[in-house]
1. For the chain, what proportion of DSSP beta bridges, expressed in % and rounded to the nearest 5, is antiparallel?
2. From the phi angles alone, apply the Karplus equation (6.51, -1.76, 1.60; θ = phi - 60°) to region 12-18 and give each ³J(HN,Hα) in whole Hz, x where the residue is Gly or Pro.
3. What are the lysines whose alpha-carbon lies under 25 Å from the alpha-carbon of residue 268, with same-chain residues fewer than 8 places away excluded?
4. Using a/c under 1.5 as the rounded threshold, could you call region 64-195 rounded, prolate or oblate? The axes a ≥ b ≥ c are square roots of the C-alpha gyration tensor eigenvalues, and prolate needs a/b larger than b/c, oblate otherwise.
5. Once amide H atoms are placed 1.01 Å from N in the peptide plane, what residues at a sequence separation of 5 or more from residue 170, or on another chain, have their amide H within under 5 Å of its amide H?
6. Over 18 Å between C-alpha atoms is what I'm after, so list which of 64/108; 296/331; 3/178; 233/399; 314/383 land there.
7. Rounded, prolate or oblate: which fits region 227-326 when a ≥ b ≥ c are the square roots of the eigenvalues of the alpha-carbon gyration tensor, with rounded for a/c under 1.5 and prolate only if a/b beats b/c?
8. Please state the charge dipole magnitude for region 3-202, taken about the Cα centre, from unit charges on C-beta atoms (+1 on K and R, -1 on D and E), reported in debye and rounded to the nearest 20.
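Each value in this text was obtained by applying a stated rule to the coordinates, not by laboratory testing. Computed from a predicted model, the values in this text were never measured in an experiment. Cβ atoms come from the backbone with ideal geometry, glycine included; neighbour counts cover every protein chain shown.
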Amino acid sequence: MQKICVVGLGYIGLPTAAVFARAGFDIVGVDVNKQVVERLNKGEVIIEEVGLPEVVKEVVAAGKLRASVAPEAADVFIIAVPTPIHEDCTANVEYVKSATKAVIPHLKEGNIIIVESTIPPRTMDDIVAPLIREAGFDPEKDVHIAHCPERVLPGRILIELVENTRIVGGLTPEATKKAADVYRQVVTGEVLETEAVTAEMSKLMENTFRDVNIALANELAKISARLGVDAHKVIELANRHPRVNLHHPGPGVGGHCLAVDPYFIVEKAPQEALMIQLSRDINNSMPDFVIEQIIKLTAELKEPKIALCGLTYKGNIDDVRESPAIEIVQKVLANPRFDVRIHDPHIRAEQVPFELVSFEEAVQGANLAVILTDHNEFKALNKQTLLAQMETPVVFDTKNCTGLEQEESLTVHRIGDLTGLQAISISKPINK
Ligand SMILES: NC(=O)c1ccc[n+]([C@@H]2O[C@H](COP(=O)([O-])OP(=O)(O)OC[C@H]3O[C@@H](n4cnc5c(N)ncnc54)[C@H](O)[C@@H]3O)[C@@H](O)[C@H]2O)c1
């Protein structure tokens with residue numbers, strides 16, 4: 001069995017290491033974060049992902065996975081480090097560079113280096129290959145380098161790592177084949193072979209496709225608010241066309257994929273990537289659109305009590321990166337008129353710079369509950385709890401997830417259907 005060194009033990013690297021270890025590979029996981037390494041060597045995991053603690057515990061106990069702060073010799077190196085954007089929305093590939101440099105002293109001829117991090121087009125050719133060449137290896141002959149983008153869905157990572165179709169693009173056809181064969185030993189989905197730049201671009205276009213389509217739905221939500229239309233009904237009816245699949249609007253787009261990857265294309269081809277940039281702008285404007293509605297809803301209250309529910313960028317995960325909910329919370333907190341309580345059942349206190357309370361504390365005496373994430377806990381929200389605890393039971397569901405119906409005792413507004421939105425009045429029937 002090959003030995004694999006997985007560099008970067010986050011949401012992608014750790015499950016990848018665990019899946020290969022479970023298949024019998026010898027895995028050394030590397031991370032610059034000592035806490036990750038120490039905890040992993042005890043069989044513990046510090047990120048939330050379904051099924052991961054159990055698999056990690058098992059493979060660490062079996063001696064198939066161990067962690068270290070530095071790479072070591074191996075047959076295959078898999079790099080899964082972050083690729084965030086800078087303030088100016090250009091790609092930060094420094095982590096990929098430093099991970100590659102950390103691996104280089106341990107390289108031997110015939111080794112395979114796979115970058116799984118999402119990277120701007122031409123990164124393998126223009127950044128990774130030159131680093132390897134500088135170290136005295138011919139990246140087209142001595143070692144095999146390839147990009148294998150990751151396309152898993154958080155919450156289903158362990159399943160999708162194995163079942164999804166994978167794209168592998170090498171610097172040479174031989175590199176492609178060798179890297180693809182590594183995945184074929186654990187992946188039950190198809191492993192498609194291409195060249196590096198096509199693999200890079202395919203990954204970016206997958207997320208860009210989704211970002212652009214969400215922007216279209218968000219634009220529809222804004223148009224609907226202006227024209228007094230229910231966008232959800234429009235979407236439902238339009239989607240009965242056999243070739244139409246409109247997405248749904250929401251409070252913005254978050255995560256380090258959809259909200260980041262399109263910029264990698266814009267950076268490389270700004271004159272052509274016009275729709276991609278505009279879609280980013282539309283999605284980035286949604287938190288302000290949410291705040292506008294909160295201001296309208298609370299215009300008649302002196303010190304509105306607002307419960308903000310959900311911080312993560314999508315439901316049932318613990319990841320707040322680029323989350324529009326965080327921007328909304330920060331902007332609401334910055335308004336001195338609002339008395340704000342914040343709740344997210346998936347977030348630990350140390351993850352965010354503001355105080356979190358239980359759901360009951362958040363809605364107790366509140367005038368408005370704003371749902372910002374589609375966690376299962378919010379999908380199952382009980383009308384009776386809201387009626388019993390809120391001062392004025394008004395819900396603004398920005399994820400269209402709660403299943404709560406508008407009725408006499410409960411007011412429900414949704415992004416996409418803001419028809420009939422009125423300022424909350426304390427003279428309206430109160431439940432206490
Ligand atoms: N999380 C996802 O759902 C997802 C999906 C598809 C693609 N990706 C891409 O995969 C890559 C990794 O994402 P992630 O979510 O796992 O990130 P993450 O932040 O969860 O984990 C990255 C880990 O790498 C470590 N690290 C940073 N620099 C290092 C170095 N030089 N050497 C060793 N370790 C280092 C960090 O300490 C961290 O533990 C990114 O490019 C991301 O865009 C992520």
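1. For the chain, the DSSP antiparallel bridge percentage is about 10.
2. 9, x, 5, x, 4, 4, 5
3. 97, 101, 203
4. Details: a/c = 1.36, a/b = 1.13, b/c = 1.20.
Rounded.
5. Amide H neighbours of residue 170, under 5 Å, 5+ apart: 147, 176, 194, 196.
6. Details: 64/108 22 Å; 296/331 15 Å; 3/178 14 Å; 233/399 15 Å; 314/383 23 Å.
The answer is 64/108; 314/383.
7. Working: a/c = 1.80, a/b = 1.27, b/c = 1.42.
Oblate is the answer for region 227-326, as a/c is 1.5 or above yet b/c matches or exceeds a/b.
8. Values: 20 positive and 30 negative charges, 112 e Å.
Here region 3-202 has a charge dipole of around 540 debye.
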